[in-house]
Structures are given as C-alpha cells and as structure tokens.
C-alpha cells in the first residue's frame with residue numbers, strides 16, 4: 001500500500017508555501033526521517049521527512065510551485081531498503097559507477113543544502129571535506145568564493161557582461177512588503193545620540209572570563225543594551241506600545257526582538273519577558289537564536305510577537321543608520337560600530353570608544369520629548385552601568 005506525503009500543517013498566519021528544493025526524485029530509495037523536500041514560507045523553512053523507508057514512486061509538485069496544507073507532494077511505496085555503504089572501498093566503487101554513468105551525487109547535510117540553495121550553487125558539484133566526503137556549509141561557501149574569483153578573472157580578460165536572475169525568496173518578499181507598508185502608513189522619525197562605551201568595555205573586560213566560566217556563555221554587549229532598554233521602556237511606556245487600528249495597546253511586559261542576519265535574510269526572534277531575564281539568560285538565548293537562524297531552524301513561535309526591537313548594524317561596520325520599525329511596534333533601537341574618537345571630558349580632549357545609537361519611532365504614538373528622553377536614558381545607563389544594578 002502506498003503512502004501519500006502531504007504538506008504538513010502550516011503555522012498560524014501562513015496560508016501557503018513554496019516548494020524550494022526536492023532532494024529525491026521518482027525511483028529513489030529513502031530512509032525513514034530522511035528529508036525529502038524543503039518548503040519555504042514567508043517566515044520559516046520547513047523540512048518534510050519521509051514517514052517510512054521505501055521507494056519514492058511519484059512527485060506531484062515541481063520546485064517553485066505554491067502549495068497549501070495537506071496537499072499531496074509525493075507518493076511513497078514503503079519497504080525495506082539498505083543503508084548506503086559506508087566503507088571507503090564501497091564508496092569508491094559507487095563513485096566510479098556513478099561517474100561512468102555521467103552523473104554526480106553528493107552527501108550534504110541540511111545546512112549545506114540550504115546554503116547551496118540560497119547561493120545558487122549545485123551541491124553535487126561541491127567537493128566535500130566532512131566525514132566520509134560529506135559536503136559542509138563551509139564547502140559550499142568556499143565553492144562560491146572560488147567560482148566568483150574565476151568569474152571575475154574571466155570577465156577581466158574577456159570583457160564579458162553576465163547577469164543572473166533568481167526569484168526573490170518568500171522571506172525577502174515579505175520583508176520588502178512590510179518595509180514599504182510601514183513607510184507608507186507610519187509617521188517615522190529618527191533621533192540620535194552617542195554612547196561612551198568605555199565603562200561597559202572595562203566592565204566586560206574585567207568579568208568576561210569569570211562570567212563565561214560560571215554561565216557557559218560569552219558576555220557580549222547585547223545583554224547590556226537589552227537590560228538598558230527594559231529599564232528605559234518602564235519609564236516610557238509609549239515606546240513599548242503597539243498600534244491596533246485606532247487603538248494604542250500599552251504592554252505591561254517586555255518582549256524584545258533581536259534582529260539577526262541569516263542566509264535567508266533578516267529575521268527577528270523574540271526574547272520573551274525580558275524583564276525577568278538575567279544577563280546570562282539574554283546572552284544564552286541570543287546565541288541559541290543565532291545558531292537556529294544560521295541553520296534555518298527558527299520556528300514561527302520564535303519570531304511571533306515582540307513589543308520592541310533592537311538591531312545592530314555595527315557588526316557589519318555600519319557607522320550610522322535610520323532603522324525601520326517592525327509593525328505594529330512603535331519604535332526600534334539601532335546600534336552601530338564602536339570607533340575611537342576625540343571627545344571632551346572635564347575640559348580635556350581624550351580618546352574614547354564611541355557608538356552612535358538611533359531610535360526610529362512612530363510619531364503617531366511617541367512624542368519627540370519621549371523619544372529623546374528614552375534614548376538619553378539608555379545612554380546614561382550604559383555610561384554608568386551601576387544604574388542597571390541599582391535600577392536608578
């Protein structure tokens with residue numbers, strides 16, 4: 001008896017998905033729980049594993065097709081299948097057999113496959129350096145780098161002009177849609193300030209080793225900024241509010257979104273009830289989210305909600321920017337690069353590590369006085385970190 005492999009139940013607020021990549025074709029044997037297909041939504045990438053071992057009889061939808069929940073993707077004929085040979089001699093024999101047929105195969109993990117899909121690299125053409133010749137994500141990146149170098153050299157010599165057209169990913173399209181929407185509907189303004197990072201850097205340098213030894217996670221700047229944001233939000237509730245139609249919702253909890261770059265684009269997982277989190281909790285959660293974003297494992301629940309967002313363009317070298325709010329939130333904090341600059345302290349010119357910070361806000365809810373005072377509060381807290389402990 002055959003089995004229908006269907007689109008799994010999609011997350012709430014997601015109506016459909018796009019078939020991003022098939023990893024098997026009709027006639028291929030599959031092992032139980034082996035990933036057959038990647039489905040891309042406008043928020044996350046979903047993997048559809050084989051429910052049983054057997055042979056894939058038919059594929060019902062092609063790559064690029066839009067599918068909905070419970071739609072049939074493929075037909076599987078269950079049965080016992082042998083695991084692929086793992087000894088080096090058997091692998092060599094199999095490779096020679098495949099080469100003789102003019103085909104190429106490659107063993108690659110989910111992260112490597114996803115990286116290849118995002119960059120347009122044929123994973124079967126990548127040489128694997130992992131265990132047993134397995135293709136890793138680093139192999140895909142190296143292949144892309146080498147390919148770019150060769151293309152640049154050829155272009156220099158031959159003067160050729162090439163183009164490559166690829167469809168916009170669902171996530172990228174959704175991000176674009178939301179950014180345009182917020183610019184058209186919100187009264188966006190941005191206010192700036194600068195922070196002397198020396199007190200935080202000195203504190204971090206003094207305690208980072210003991211912090212990591214005790215908590216098992218590195219002490220970064222994000223936990224300082226996150227705690228400073230929570231303190232400031234308690235003083236200025238409008239900055240932690242959201243808009244629902246003609247209503248303003250003031251939240252008495254603090255769910256802070258942390259913008260993270262991923263291979264698929266910008267994602268914003270949420271730290272929930274941050275007011276109850278320690279600095280170690282914050283650092284550990286951010287690290288976990290960053291790992292999940294890199295592997296494409298973030299869930300809808302990870303990115304749903306949020307009352308305020310922090311984005312750090314400084315990790316890419318950004319000196320200053322005007323971040324766009326994440327609707328229906330009313331504000332977003334932008335961190336930037338830390339640069340040593342000459343500043344005046346007590347009438348003397350000294351060199352200090354300075355960071356520009358920006359607060360973009362919706363003027364429909366937040367007045368200029370509130371926005372400037374909010375950003376000044378964060379500056380004061382970070383330039384005198386004892387305030388974070390004392391709550392003053």
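Please treat every number below as a calculation from the coordinates, not as lab data. Just so it is clear, the model here is predicted, and its values are computed rather than measured. Cβ coordinates were reconstructed from backbone atoms using ideal geometry, including for glycine residues, and neighbour counts include every protein chain displayed.
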Worksheet item: So for 194, 62, fewest C-beta neighbours within 10 Å to most, what's the order?
Response: 62, 194
Fill in: the range 214-339 shape via C-alpha gyration tensor axes, a/c threshold 1.5
rounded
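Can you sort 325, 256 from fewest to most other Cβ atoms within 10 Å of each residue's own Cβ?
Values: 325 22, 256 29.
By the 10 Å Cβ count, ascending: 325, 256.
Ranking request for peptides 196-204, 332-340: highest mean number of other beta-carbon atoms within 10 Å first, then the rest in descending order. Walk me through the numbers on the way to the answer.
Values: 196-204: 17.0, 332-340: 20.0.
Per-residue Cβ counts within 10 Å, averaged per peptide and sorted highest first, yield 332-340, 196-204.
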Worksheet item: Taking the alpha-carbon centroid of each part, what is the distance from the range 357-388 to the range 238-266 in angstrom?
Response: 16 Å
Fill in: Burial order of peptide ranges 371-377, 2-8 (average beta-carbon count within 10 Å, highest first)
371-377, 2-8
Discussion item. Place a point 7 Å from the Cα of residue 205 along the Cα-to-Cβ direction; which residues of the range 354-371 have their backbone N under 17 Å from it?
Written reply: 354-355
